[in-house]
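Everything below concerns the one structure shown next.
The values are calculated or read from the model by the stated rules, or taken from the named source; none is laboratory data. Note that the structure is a prediction, hence the values are computed from the model and not measured. Glycine also receives a Cβ, built like all others from the backbone with ideal geometry; neighbour counts cover every protein chain displayed. In case anyone asks, the SASA skips ligands and DNA or RNA and just uses the protein heavy atoms, side chains included. Shrake-Rupley method; radii C 1.70, N 1.55, O 1.52, S 1.80 Å.
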Amino acid sequence: MTDYLNDLVFPKEAEFNTDLWPRFDTDRKLYDLEKFTMKQLDGQTMPDVLSITLNTPQIFADKVIAVISAAVSNIEVEGEKLKEKQPAQIEAFLHDLFAAADERLSNLEFPSQNTFHAAQFSLRGRGGMRICLRLDKEKNLVPDILPLDRRYATYDVGVDGILWACNLSRRSKAKIKAEYNKDIGSADADVRDFWDEKVNVIYVGNEEVKQTKNSYGYVPFVLQTRMAGSFLMDKDSMKRHGESIYAANRDLYPELNRVASIIATKALENIKPGLQKPVDDETSAKPPAPALKPGVGKAIPVTKGLEYLLMPSKDLTQATRQFWSIMMSFIQQASLSLTEYGNVSFPLSAVALKSLSAKNDTIYLPGIQGMTQMYQRAARMIINQTLNLKAIPRLSVGGQTHEYKSADLEGDYTIKYRFYSVSPEEEVANYSVAAAAKALGLSQDTIFRNILKLEDPDGEIAKRLAEDAEEMVPDLKLLRIAKGMVEEGKGKEMELQFILDRLDMTVEELKGGKVPVERKRLGPGEGATLPLLGERGRAGGSLAAGENMTEEVAAMGEEEV
């Protein structure tokens, strides 16, 4: 019998704990604002120093996580042989499934998947999820998706993908008893969930408590690395693969705390500086009497020649300012600009905003790209598992049950995820650039898709075309308004009748889907109402006088020829 724990999991944990996990732990301490302590060069704590811990790394990370987690996802399904409505059905199914998974996780006091994964890709540089879809007693689809903290996940890969994976979690005595009917002697214990292509084994501590057959035939884990860091293949390069957002500033944050501690300590010394008194024999020197200790606005009379003097101290203020400025300059180069925090007190041009936002792309894009690739692979695994269940996919989302057809999920197609995340500053800059691009003649599709980065560019283009059509043919707008009034019901009969009279239609004809016919063309002075389509296919038509004038001009042109 294979001992998966000792043969595979523990050796891999030891390997990760040497190369990778120490980096995870360092970044976690930075984010958690672990208290900084000023130390001497030999590592001993320095006495009488006010140690300061700045919140810079946490503010930076929270901003990045907030932006990435707020990114709007857009699913695109593409396939040559798909039915007309099939892509929309697949996209709706995936949206509902992830929404149902979020609801399930919230019941476990777990954050939303987007928020969790944004934090993972930002702080760990890696993300992942375990996907085990199943049916409940009512044959509803259970979206059992567990987001993974990669600090507690071990795995090994081969030429065809993941060979095995194991997730470590800490569970209470009550949970272990309820789920595995196992009594433990402590308040909690480590639980390892091991998977390979054949089995799923659960360990509590070092003891196997459950083993079942893996019905999927593959390891149901999706693991993804953030596209940042060094991807050189040196022996110890794993810790530099998939770097976190702290990569370039990891060693600078403690130095920033050191400078802040020096400033704070120096300020405290100015409030209560050290004193000295000249004496003939320093062995007989005594500390100043309490009455001689300085105080704000306090004048102390002393005998001439017996006064106390300030202890000489080097002026560190100017040097500290220069060092602080240099440190902050380098830290900002590897993090976010002041515009991201709203700290700029002067207006910036669109070009300047675009330049700054382009620099920030190196912070946001690797995490967004990692989430995109992970969700695309997860979507494919979700579709395969759903079809293999051979049941009607029913999902409970927001108290409602959504039912799908398995046939809608079948076929040969690709699934693409796109995450759109644009800051207000970048959005303002994009509008300015879009206006300039339109003046140069760029297409609406290019402007919407590549410059404004809209969530649904095709939908916006369709809305724009509909608005253009209504401007060119006013009766189209009247027709849409009338249909909306009919759907709303009672309360607007007078307005509806006025519009129907203008369209020369009845309510029954409107409900039956009849298209307004061309109304009788009016002569001069009979009105200015334009028909839906003019004669000879011209939109909007023209007055009779206009028609005659056009014919006369055309005749004149023919005579000249």
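What the table shows:
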| quantity | calculated |
| --- | --- |
| DSSP-loop trypsin sites (Lys or Arg not before Pro) across the stretch 105-165, with at most 15 other Cβ within 10 angstrom | 137, 139 |
| Derived scalar couplings ³J(HN,Hα) [the stretch 180-193; Karplus, 6.51 cos²θ - 1.76 cosθ + 1.60; whole Hz; x for Gly, Pro] | 10, 6, 10, 8, 10, x, 10, 5, 8, 7, 6, 10, 10, 10 |
| Whether the stretch 102-164 is rounded, prolate or oblate, judged on the alpha carbon gyration tensor where a/c under 1.5 counts as rounded | oblate |
| For the stretch 203-277, accessible area per residue (1.4 Å probe, heavy atoms of protein chains only), Å² | 54 Å² |
| In order through the stretch 158-174: 3J(HN,Hα) via Karplus (6.51 cos²θ - 1.76 cosθ + 1.60), integer Hz, x for Gly, Pro | x, 5, 10, x, 6, 7, 7, 8, 9, 10, 9, 9, 10, 10, 6, 4, 5 |
| Interchain or long-range residues, amide H under 5 Å from residue 162's placed H | none |
| Residue order for 372, 362 - accessible surface, 1.4 angstrom probe, largest first | 362, 372 |
| Selection from 2, 21, 59, by position along the positive dipole direction of the stretch 1-82 (Cβ) | 59 |
| Gain on full stretching of the segment that runs from residue 318 to residue 330 - 0.36 nm per residue minus C-alpha separation | 2.4 nm |
| Karplus 3J(HN,Hα) series, Hz, for the stretch 236-251 with 6.51 cos²θ - 1.76 cosθ + 1.60 (x for Gly, Pro) | 9, 7, 4, 5, 9, 7, x, 5, 8, 5, 8, 3, 7, 10, 3, 8 |
| Accessible surface of the stretch 9-155 [probe 1.4 Å, protein heavy atoms]: carbon and sulfur percent | 50 percent |
| With all protein chains modelled, accessible area of residue 54 [1.4 Å, Å²] | 40 Å² |
| Entries in 29/453; 39/266; 29/416 that, when Cα-Cα distance is taken, lie over 24 Å | 29/453; 29/416 |
| For the stretch 219-249 versus the stretch 1-36, the gap between their alpha-carbon centres in whole angstrom | 14 Å |
| GluC sites (Glu not before Pro) lying in DSSP loop within the stretch 1-73, provided at most 14 other Cβ fall within 10 Å | 34 |
| Separation of the residue 12 and residue 103 label points, Cα + 7 Å toward Cβ, nm | 3.4 nm |
